[in-house]
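Data block below; observations after.
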Amino acid sequence: MLTIGTLSHPSRVIVAPMAGVTDQPFRNVCRHFGAFWVVSEMITSDTRLWHTRKSQGRLCYHDEVDPRWVQIAGGEPAMLADAARQCAELGAQVIDINMGCPAKKVCNRAAGSALMRDEALVAHILAAVVRAVDVPVTLKMRLGWSRTSRNAVDIARIAEDTGISLVTVHGRTRACKFEGEADYDGIAEVKAAVSIPVVANGDIDSPRKAGEVLRHTGCDAVMVGRAAQGRPWLPAAIDYYLNTGDFKKNPDASEIKAMLVTHIIHLSQFYGEVMGVRIARKHVGWYLQSVEAPSFRKWFNTLQTTGEQVDAIEMMSASPETKQKYVA
Ligand SMILES: Cc1cc2nc3c(=O)[nH]c(=O)nc-3n(C[C@H](O)[C@H](O)[C@H](O)COP(=O)(O)O)c2cc1C
């Protein structure tokens, strides 16, 4: 059971916020396979930019399936508070604050993981956002800015004191980017230091690994990012394992084809056909990484319309079997 403020659910797996990946169509595909907790890709806290097509697509509205967990990114307490308030009015049921993103664009404007260097500012931001909304507020961070400045424990304590409902820790520092192995000892230290729920994140790519990370860190839940790309059934498979100790069978080829067709059509409806076709190539490409189909992939990337993409998936009659039968 994972509890976030007033929300509770037996699922202990969260689909990570990933810019350019966890848009509404992908969130719904993950939900289709049984994921419950899914975080939206980050949206800037600069509401003056919200009229842009990119931001419009990143907002979450009341008509999306519950629970709507929306991540905001920025570095200015008042702006973040205002963005959180507006997100909640539009339909967000949980607000997440991004202090994990190492991307230059975010860090140059002192946002994302750069904030971790300034604990006083962190305290201001968290307090301002918590005060601004009635919905629970969560924080996503790394272990620190660099190997010599690992202050996730201090920041988690600040978070707990300011009324944050849950913290997620990606077991790397900002300097590590995505290199090396996630440091689960570092995450365990954070878990031991606070009594609010702590979520372990980094390199969790199978049910077995999720179980090991939960045991090792004592965390309340796991967050899965890259491993769900092309495998949107994985978060639910991990949950199944955590709850039963058994492995769930992968969806069969016909279920995967049906999922891809629905996803491609939703992308086209959501973004318009030109962008939808391009984004669909990325998702289908990820999916095809786990099957033997290099020539199909090359050909698929030349297709220009949603109709052609749907026909191609339906024609994938050789229905390349996934390499693994079970996600272990
Ligand atoms: C393409 C991509 C986009 C990401 N975008 C975000 C984001 O918008 N907000 C955020 O907090 N983290 C973002 N992350 C980091 C992930 O949420 C996660 O912390 C990281 O990938 C480690 O988890 P993993 O090893 O399971 O992928 C992103 C990661 C990737 C690969």
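The values are calculated or read from the model by the stated rules, or taken from the named source; none is laboratory data. It should be emphasised that the depicted structure is a prediction, and the values quoted were computed from it without experimental measurement. FYI the Cβ positions are ideal-geometry reconstructions off the backbone, even for glycines, and counts take in every protein chain you see. For accessibility, only protein heavy atoms count, side chains too; no ligands or nucleic acids. Shrake-Rupley method; radii C 1.70, N 1.55, O 1.52, S 1.80 Å.
The residues in the stretch 163-188 that are within 18 Å of G74 (Cα to Cα) and over 18 Å from the mean Cα position of the chain (by Cα) can be counted, and the count is 1.
Do we find a residue being in a loop (DSSP other than H, G, I, E, B) and within 14 Å of the ligand (Cβ to nearest atom) anywhere in the stretch 235-257? No.
Mind checking which residues of the stretch 56-80 are in a helix (DSSP H, G or I) and open to solvent by less than 10 Å² (accessible area, probe 1.4 Å)? Across the stretch 56-80, the qualifying residue is only L80. Which of the residues spanning the stretch 178-210 are of a type in the set (K, R) and within 11 Å of the ligand (Cβ to nearest atom)? Result: K209, single match. Hey, any hits in the stretch 283-294 for a residue that's assigned to a helix (DSSP H, G or I), open to solvent by less than 50 Å² (accessible area, probe 1.4 Å) and within 11 Å of P25 (Cβ to Cβ)? Yes, because at least one residue in the stretch 283-294 is assigned to a helix (DSSP H, G or I), open to solvent by less than 50 Å² (accessible area, probe 1.4 Å) and within 11 Å of P25 (Cβ to Cβ). Every residue in the stretch 212-234 that is more than 15 Å from the ligand (Cβ to nearest atom) and under 20 Å from the mean Cα position of the chain (by Cα), please. Hits for the stretch 212-234 are D220, W233.
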